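Novice: One structure, pasted below without further comment.
The values are calculated or read from the model by the stated rules, or taken from the named source; none is laboratory data. All values derive from a computational prediction rather than experimental measurement. So basically every Cβ, Gly included, is an ideal-geometry build from the backbone, and we count neighbours across all protein chains shown.
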Amino acid sequence: MSDMIYRRSGRSGLLLPALSLGLWHNFGAESDHGLKRALCRKAWDLGITHFDLANNYGPPAGSAEEAFGHILREDFAAQRDHMIISTKAGYHMWDGPYGEWGSRKYLIASLDQSLKRMGLSYVDIFYSHRFDPNTPLEETMGALDFAVRSGRALYAGISNYPTEALQEAARILKGLGTPCLIHQPRYSMLQREPEIAGAFEAADDAGMGTIVFSPLAQGLLTNKYLSGVPAGSRATINHFLKEASIEPKLVAKLEKLNAIAATRGQTLAQMAIAWVLRDKWITSALIGASKPEQIADCVGALKAPAFSQDELALIEKELAA
Ligand SMILES: NC(=O)c1ccc[n+]([C@@H]2O[C@H](COP(=O)([O-])OP(=O)(O)OC[C@H]3O[C@@H](n4cnc5c(N)ncnc54)[C@H](OP(=O)(O)O)[C@@H]3O)[C@@H](O)[C@H]2O)c1
């Protein structure tokens, strides 16, 4: 048995693992298939039942879902009822007027494509990946409701929604009889926008859970960049984490945080995950990994003692410095 903890998503019946694995990076066509399998198997063996995808994960867009479809058939054929698989639509997927944003046309066509790529008859959670200011929210939420009613998805979710739109989306979905399961915003010690915007409380008030992505700030909140930028790290591979952003001031801050983690008997990655999970509103921390050992390290976060008020204050002091 693993030491995984499962938390209820809002007021739903669904328990999610406190750590979930995302397939945004390292599941594209150029990554080694054996590595992709090893990452999923390691996560599974550690009790991570939730795998998070999106239509556009790759590169190229769609290839992560294709790879995951292969892995499902190879390694998890008997496990579908034990897994929570999510996908999303919202960002650019194909050219033309129906290939992105929040229309019903795009969302349902994209979900059908995702199901085909993964070889699934349904996903557990289907997300609107981003708020579309130019489409009536009734239409976008209506598409999520339809996805659920038509059996393509079991639950509806929203990602990257501003707080007011989140509240409105929750109200519409509740009215349609498909309560919104969860909100997925970016959140870490270095990126605190949803906390400042009151998004966690708003989701909780609406009966929704919150799953936070990039809790390690794409690897910054680990010991990886403390003595330079290692070859093969995300900062050297793509534009999502820019090497130039890893400035001496940031590294000095990470060193201070690393020292606090050491006093807690944790790696910095473990403390960063325990920190986002300190909040009762957070259902799951959605991590990525390039090596199976990283997943094991991250799951070790769950063995941590609760933060003392002094530790939390010290962390705030270093973050503000
Ligand atoms: N909804 C959205 O708009 C959205 C946007 C972004 C992401 N997401 C979701 O969130 C998931 C996670 O995002 P993320 O990959 O940015 O999360 P993250 O957990 O903040 O960063 C993952 C990276 O951190 C490094 N890492 C992980 N564990 C480590 C450890 N124990 N020690 C040292 N380094 C470690 C690895 O970097 P290296 O590769 O350098 O080794 C890994 O690729 C995505 O896969 C996706 O499912 C959603």
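Novice: May I ask you to list the residues in the stretch 235-282 that are of a type in the set (D, E, K, R), touching a residue at least 12 places away in the same chain (Cβ under 8 Å) and more than 30 Å from Leu15 (Cβ to Cβ)? Let's see the steps before the verdict.
Specialist: Applying the first criterion (of a type in the set (D, E, K, R)) to the stretch 235-282 yields 242-243, 247, 249, 253, 255-256, 264, 278-280.
Within this subset, residues satisfying the condition of being touching a residue at least 12 places away in the same chain (Cβ under 8 Å) are 243, 253, 255-256, 264, 278-279.
Within the stretch 235-282, Glu243, Lys253, Glu255, Lys256 qualify.
Novice: Still on this structure: In this structure, is Pro230 touching a residue at least 60 places away in the same chain (Cβ under 8 Å) and not aliphatic (A, V, I, L, M)? Can you show your working first?
Specialist: Numbers: touching a residue at least 60 places away in the same chain (Cβ under 8 Å): no; not aliphatic (A, V, I, L, M): yes.
Here the answer is no, as Pro230 does not meet what is asked.
Novice: Failed condition for His25, given (1) within 13 Å of the ligand (Cβ to nearest atom); (2) under 20 Å from Ile158 (Cβ atoms); (3) touching a helix residue (DSSP H, G or I) at 6+ places or on another chain (Cβ under 8 Å), with all others met?
Specialist: Of the numbered conditions (1) within 13 Å of the ligand (Cβ to nearest atom); (2) under 20 Å from Ile158 (Cβ atoms); (3) touching a helix residue (DSSP H, G or I) at 6+ places or on another chain (Cβ under 8 Å), the odd one out for His25 is (2).
Novice: Sticking with this one: Among the candidates Glu30, Glu100, single out the residue that is surrounded by fewer than 17 Cβ atoms within 10 Å (Cβ to Cβ) and within 16 Å of the ligand (Cβ to nearest atom).
Specialist: Values: Glu100 fails: surrounded by fewer than 17 Cβ atoms within 10 Å (Cβ to Cβ).
Only one candidate passes the filter, namely Glu30.
Novice: Scanning the stretch 221-239 for residues that are farther than 17 Å from Leu190 by Cα and among the aliphatic types (A, V, I, L, M), which turns out nearest to the ligand (Cβ to nearest atom)?
Specialist: Checked the stretch 221-239; the qualifying residue nearest to the ligand (Cβ to nearest atom) is Ile237.
Let's see how each residue does on (1) more than 10 Å from the ligand (Cβ to nearest atom); (2) more than 22 Å from Gly22 (Cβ to Cβ):
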| position | (1), (2) |
| --- | --- |
| Lys256 | yes, yes |
| Thr267 | no, no |
| Trp281 | yes, no |
| Ser284 | yes, no |
| Ala296 | no, no |
| Ala304 | yes, no |
| Glu318 | yes, yes |
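Novice: Turning to a different aspect of this structure: From Leu35, Leu16, Leu39, grab the single residue that is assigned to a helix (DSSP H, G or I), of a type outside the set (Lys, Arg) and surrounded by 19 or more Cβ atoms within 10 Å (Cβ to Cβ).
Specialist: On the way: Leu35 fails: surrounded by 19 or more Cβ atoms within 10 Å (Cβ to Cβ); Leu16 fails: assigned to a helix (DSSP H, G or I).
Among Leu35, Leu16, Leu39, only Leu39 is assigned to a helix (DSSP H, G or I), of a type outside the set (Lys, Arg) and surrounded by 19 or more Cβ atoms within 10 Å (Cβ to Cβ).
Novice: So, one more: So which residues in the stretch 188-220 are hydrophobic (A, V, I, L, M, F, W, C) and not in a loop (DSSP other than H, G, I, E, B)?
Specialist: From the stretch 188-220, those hydrophobic (A, V, I, L, M, F, W, C) are 189-190, 196-197, 199-200, 202-203, 206, 208, 211-213, 216-217, 220; that's our starting set.
The answer is Ile196, Ala199, Phe200, Ala202, Ala203, Ile211, Val212, Phe213, Ala217.
Novice: Turning to a different aspect of this structure: Being of a type in the set (A, V, I, L, M), farther than 24 Å from Gly157 by Cβ and touching a helix residue (DSSP H, G or I) at 6+ places or on another chain (Cβ under 9 Å) is the filter; apply it to the stretch 212-236 and report the residue that is surrounded by the most Cβ atoms within 10 Å (Cβ to Cβ).
Specialist: We begin by selecting, within the stretch 212-236, every residue of a type in the set (A, V, I, L, M); these are 212, 216-217, 220-221, 226, 229, 231, 235.
The next check asks that each one be farther than 24 Å from Gly157 by Cβ; those that pass are 220-221, 226, 229, 231, 235.
With touching a helix residue (DSSP H, G or I) at 6+ places or on another chain (Cβ under 9 Å) added as a condition, the list becomes 220-221, 226, 229, 235.
Numbers: Leu220: 25, Leu221: 27, Leu226: 12, Val229: 15, Ala235: 21.
Going through the qualifying residues, I end up with Leu221.
Novice: In the stretch 201-212, how many are over 15 Å from Ala269 (Cβ atoms), within 13 Å of the ligand (Cβ to nearest atom) and in contact with a Pro (Cβ under 8 Å, 6 or more places away or on another chain)? Break it down into steps so the answer makes sense when it comes.
Specialist: Filtering the stretch 201-212 for residues over 15 Å from Ala269 (Cβ atoms) gives 201-211.
Filter again for within 13 Å of the ligand (Cβ to nearest atom), leaving 210-211.
Among the residues that remain, those that are also in contact with a Pro (Cβ under 8 Å, 6 or more places away or on another chain) are: 210.
Adding up the residues that qualify gives 1.
Novice: Only one of Ala274, Ala261 is more than 9 Å from the ligand (Cβ to nearest atom), crowded, with 17+ Cβ neighbours inside 10 Å and farther than 28 Å from Ala202 by Cα; which? Don't jump to the end; show me each part of the working.
Specialist: Values: Ala274 fails: farther than 28 Å from Ala202 by Cα.
Exactly one residue qualifies, and that residue is Ala261.
Novice: Tell me yes or no: at least one residue of the stretch 77-91 is of a type in the set (Lys, Arg), part of a loop (DSSP other than H, G, I, E, B), within 14 Å of the ligand (Cβ to nearest atom) and in contact with a Ser or Thr (Cβ under 8 Å, 6 or more places away or on another chain).
Specialist: We begin by selecting, within the stretch 77-91, every residue of a type in the set (Lys, Arg); these are 80, 88.
Cutting the leftovers down to part of a loop (DSSP other than H, G, I, E, B) gives us none.
No, the conditions are met nowhere in the stretch 77-91.
Novice: Looking for something within 23 Å of Asp297 (Cβ to Cβ), more than 15 Å from the chain's Cα centre (by Cα) and exposed (fewer than 15 other Cβ atoms within 10 Å of the Cβ) - is there at least one such residue anywhere in the stretch 46-69?
Specialist: no
Novice: Another question, if that's okay. Here's a check for you: in the stretch 180-195, which residue that is touching a strand residue (DSSP E or B) at 6+ places or on another chain (Cβ under 8 Å) and farther than 22 Å from Leu21 by Cβ is nearest to the ligand (Cβ to nearest atom)? Full working, then the answer.
Specialist: Filtering the stretch 180-195 for residues touching a strand residue (DSSP E or B) at 6+ places or on another chain (Cβ under 8 Å) gives 180-188, 193-194.
Narrowing the set further to residues that are farther than 22 Å from Leu21 by Cβ leaves 180, 193.
Values: Cys180: 15, Glu193: 13 Å.
If we take residues in the stretch 180-195 being touching a strand residue (DSSP E or B) at 6+ places or on another chain (Cβ under 8 Å) and farther than 22 Å from Leu21 by Cβ, then Glu193 is nearest to the ligand (Cβ to nearest atom).
Novice: Is it fair to say Gly198 is at pLDDT 95 or above, at positive phi and within 13 Å of the ligand (Cβ to nearest atom)? Spell out the reasoning first.
Specialist: On the way: at pLDDT 95 or above: yes; at positive phi: yes; within 13 Å of the ligand (Cβ to nearest atom): no.
In short, no.
Novice: Looking only at residues that are within 16 Å of the ligand (Cβ to nearest atom) and in a helix (DSSP H, G or I) in the stretch 111-162, which one is farthest from Phe200 (Cα to Cα)?
Specialist: So the residue we want is Arg117.
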